[in-house]
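A quick write-up on the structure given underneath.
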């Protein structure tokens, strides 16, 4: 029912995604493209597959996940969506990038739309259930598609295990146990970095298994 295309982008090896329905309705998730070559890779794939981008949805506001958001918004004339609690992350994104010697070619300081809580977002034939998973950042979310058994986890998970928390190990484990491990085991998890895995394959540290 849905197809997911992953692009590994920028110096941080961030995963940008295109989520496409059979009719071509497409969401751009966490566009991290920070060079012309990276932007071209997304543009060419969309063109070659006759996709119809409808919106940009961000799992959080860190620079490596938003580096291509302003470009994609302007190029495709679509709106950006993110959680209100990460609004301040956009303001400091360019500075945060400079700490890693990354110069953001397109500065993105304001989303078009902010949501709060855990809404259901509908774009054409694509319906996304937002799961608020604060830990990596205050406004971090996972994007769940029950019809496709798909979860975009942002940096809540990495490469089949837990992600990084700016709010402490305990808070990260809590949101993973409450929001992710309660989903069907066959759900495919597409993280912000690394390869996808099923929820049944997600590995927690031994200290978190109690």
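Every number here is computed from the coordinates shown, using simple stated rules; none is lab data. A quick note: this is a predicted structure, and the numbers were derived from the prediction, not measured. Neighbour counts are summed over all protein chains in view; Cβ atoms, including those assigned to glycine, are modelled from backbone coordinates with ideal geometry.
Couple of notes before you dig in:
- Ratio Rg/Rh [Cα only; Rh per Kirkwood] for the range 53-138: 0.97
- Residue 22-residue 120 pseudo-label distance in nm [points 7 Å out on the Cα-to-Cβ vector]: 2.1 nm
- Nitroxide proxy distance, nm - points 7 Å out along Cα→Cβ at residue 195 and residue 37: 2.4 nm
- Semi-axis lengths, Å, the range 1-59, gyration tensor of Cα atoms, sqrt of 5 times eigenvalues: 19, 12, 9
- Just so you know, the Rg over Rh for the chain is 0.94, from Cα atoms, with Rh as the Kirkwood radius.
- Distance (nanometres) between label positions extended 7 Å along Cα→Cβ at residue 170 and residue 96: 2.4 nm
- Equivalent ellipsoid, the range 26-103 (semi-axes from 5 times Cα gyration tensor eigenvalues, Å): 22, 16, 8
- With contacts taken as Cα pairs under 8 Å and at least 6 residues apart, the range 2-208 reaches a relative contact order of 15 percent.
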